[in-house]
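Structure first, then comments.
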Amino acid sequence: MNFGIDLLSFQTSQYYLDLRTLAQARGEEPEKFYQGLGQEKMAVPPPDEDIVTLGAGAAKALLDQEGSQDIELLLFCTESGVDQSKAAGLFVHGLLNLPARCRVVEIKEACYAATAGLQLALAVVRRNPRKKALVIGADVARYDLGSPGEPTQGCGAVALLITAQPRLLAVDEEAGFHAANVMDFWRPNYRTEALVDGKYSTLVYLSTLVQAWRQYRELTGRKLTDLARCCFHLPFTRLAAKAYIRLCREEQLPPPSAEELQHKLGPALVYNRLTGNTYAASLYESLTALLENDTEDLDDRRISLFSYGSGCMAEFFSGIVQPGYRQHLMAERHRNMLANRVELTYRQYEDIFRYQVPEDEGDHVFAPYRTGFYRLQVINKHVRCYQATA
Ligand code: HMG
């Protein structure tokens with residue numbers, strides 16, 4: 001029996017900043033961001049949007065189609081938690097009316113968290129193949145204004161339904177994974193913006209990719225050429241090419257041509273280029289983009305996924321795209337969502353960025369911005385209350 005991702009849904013903010021606008025404000029060449037980083041736009045969450053509204057929105061789109069019966073596990077994977085104690089998944093559990101018989105927990109390990117969630121969910125569903133698990137990865141990526149990380153900000157969420165006999169991707173059991181205690185990127189509890197040693201983080205990403213790949217290769221006996229497409233965690237999309245080139249070098253293959261890079265990686269970059277880093281959601285946003293934008297039929301083809309979370313954890317694994325997968329995608333919803341966003345001016349972006357969630361006991365009602373299916377309505381005596389928008 002196969003186990004894997006049955007359905008995939010993605011949600012991002014309705015607002016974005018074009019990186020040309022940011023480049024102008026920072027005195028940089030727009031090409032540095034557009035080409036050098038491979039990023040065009042970054043999604044900016046308004047004050048009444050957070051990981052709960054994004055995650056619940058992604059999951060609602062999926063459950064509207066599928067229903068929530070048999071879901072006994074909800075793993076909410078994030079590094080942008082809204083509470084030190086309560087799992088964000090419990091807000092989502094309530095908003096989506098999930099069954100009371102459901103285990104709900106929050107998982108954290110930087111951008112790697114949703115892969116931990118996926119692997120745990122697979123283990124649970126393997127134990128009882130009649131049951132399903134919902135894995136949500138949701139994050140808001142924030143760096144200091146004017147810092148090198150700023151153009152890689154973004155926000156978004158993915159929801160993955162994990163089942164036996166999945167309709168999209170049967171996940172292979174073998175995986176290469178690698179942990180190390182490094183300080184490449186971190187966010188102390190008292191900060192709302194991450195701290196990062198940017199160049200070092202990229203070096204660690206690439207070196208742990210090689211470690212995880214070598215293990216995967218040893219466990220499976222597969223070669224790079226056995227993988228029809230490669231999805232990577234995408235803090236900025238240009239890193240995918242660097243990662244693939246590194247794997248070619250490791251395999252003593254000639255450097256890939258621009259055509260090969262486009263063929264192996266291109267369709268998987270389409271959405272992340274328009275949202276920026278979505279941390280835990282990023283790799284699965286990229287998988288969504290691949291399945292929805294690759295013009296070639298990927299039925300029965302093996303694709304790879306590389307997950308990286310600073311701190312750090314890396315994992316290289318793979319899966320077989322299921323025959324008929326195209327009928328089960330939400331491509332139109334995702335394309336419309338990205339096409340209908342509102343562009344911010346630089347001033348609007350900075351005003352939103354500087355907005356801080358109130359920390360006193362008062363009754364704070366949030367002005368309504370454009371959001372997806374849910375919004376943060378009020379924080380009263382430190383209690384967050386969410387509402388449906390429709
Ligand atoms: P930087 O130092 O300002 O940029 O920030 P740069 O000077 O290295 O330039 C970037 C690229 O643009 C270079 O290309 C330049 O040559 C090129 P490269 O040499 O690398 O191939 N460039 C141009 N290209 C065309 N026209 C031009 C032009 N000018 C320059 N005019 C940095 C880059 C990535 C350091 C920064 O954005 C940063 O700190 N980002 C945040 C950290 C990050 O994303 N790290 C990635 C790996 S760690 C990770 O993935 C984990 C993470 O997602 C967090 C988590 O796990 O939770 C971040």
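The values are calculated or read from the model by the stated rules, or taken from the named source; none is laboratory data. Computed from a prediction, not measured in an experiment: that's the story for all the values here. Glycine gets a Cβ as well: all are built from the backbone with ideal geometry, and neighbour counts include every protein chain shown.
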*Among Ser80, Ser85, which is the only one that is buried (at least 17 other Cβ atoms within 10 Å of the Cβ) and part of a loop (DSSP other than H, G, I, E, B)?*
Ser80
_Candidates Glu66, Glu72, Glu29, Glu79 - the one that is of a type in the set (D, E, K, R), more than 16 Å from the ligand (Cβ to nearest atom) and in contact with a helix residue (DSSP H, G or I) (Cβ under 8 Å, 6 or more places away or on another chain)_ = Glu72
*Please work out which residue is nearest to the ligand (Cβ to nearest atom), limiting yourself to the stretch 145-167 and to residues that are hydrophobic (A, V, I, L, M, F, W, C) and under 17 Å from the mean Cα position of the chain (by Cα).*
Cys155
*asked:* Under 9 Å between Cβ atoms, which residue pairs at least 6 apart in sequence (or on different chains) link something in the stretch 294-308 that is touching a residue at least 24 places away in the same chain (Cβ under 8 Å) and under 17 Å from Ala170 (Cα atoms) with a partner that is more than 16 Å from the ligand (Cβ to nearest atom) and of a type in the set (Ser, Thr, Tyr)?
replied: Leu298/Tyr325; Asp299/Tyr325; Arg302/Ser318; Ile303/Ser318; Ser304/Tyr216; Ser304/Ser318; Leu305/Ser318
*Looking at Glu28, is it in contact with a strand residue (DSSP E or B) (Cβ under 8 Å, 6 or more places away or on another chain) and more than 30 Å from Thr163 (Cβ to Cβ)?*
no
_Being over 12 Å from Ser318 (Cα atoms), at pLDDT 95 or above and basic (Lys, Arg) is true for just one of Arg229, Arg214. Which residue is that?_
Arg214
*asked:* Residue under question is Arg246, and the condition is that it be free of Cβ contacts under 8 Å to residues at least 60 places away in the same chain, of a type outside the set (Asp, Glu) and over 18 Å from Leu283 (Cβ atoms); does it hold?
replied: no
*For residues in the stretch 32-53 being away from the ligand (no atom under 16 Å from the Cβ) and part of a helix (DSSP H, G or I), which is nearest to Phe366 (Cα to Cα)?*
Thr53
_So, restricting to strands (runs of 3 or more DSSP E) that lie completely within the stretch 274-390, which ones have at least 1 residues that are crowded, with 17+ Cβ neighbours inside 10 Å and within 16 Å of the ligand (Cβ to nearest atom)?_
302-309, 313-321
*How about the stretch 187-196: which of its residues are surrounded by 16 or more Cβ atoms within 10 Å (Cβ to Cβ) and within 11 Å of the ligand (Cβ to nearest atom)?*
Arg187, Ala194, Val196
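To keep it simple, each residue is scored yes or no on (1) crowded, with 24+ Cβ neighbours inside 10 Å; (2) part of a helix (DSSP H, G or I); (3) more than 16 Å from the ligand (Cβ to nearest atom).
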{"residue": "Leu98", "(1), (2), (3)": "no, no, yes"}
{"residue": "Val105", "(1), (2), (3)": "no, no, yes"}
{"residue": "Ala123", "(1), (2), (3)": "no, yes, yes"}
{"residue": "Leu134", "(1), (2), (3)": "yes, no, yes"}
{"residue": "Asp139", "(1), (2), (3)": "yes, no, no"}
{"residue": "Tyr143", "(1), (2), (3)": "no, no, no"}
*Any chance you could count how many residues in the stretch 209-258 are of a type in the set (Phe, Trp, Tyr) and surrounded by fewer than 19 Cβ atoms within 10 Å (Cβ to Cβ)?*
0
*Could you look through the stretch 200-243, keep only residues that are away from the ligand (no atom under 14 Å from the Cβ) and part of a strand (DSSP E or B), and pick out the one that is nearest to the chain's Cα centre (by Cα)?*
Cys230
*What tally of residues in the stretch 262-273 results from selecting those that are surrounded by 16 or more Cβ atoms within 10 Å (Cβ to Cβ) and part of a helix (DSSP H, G or I)?*
8
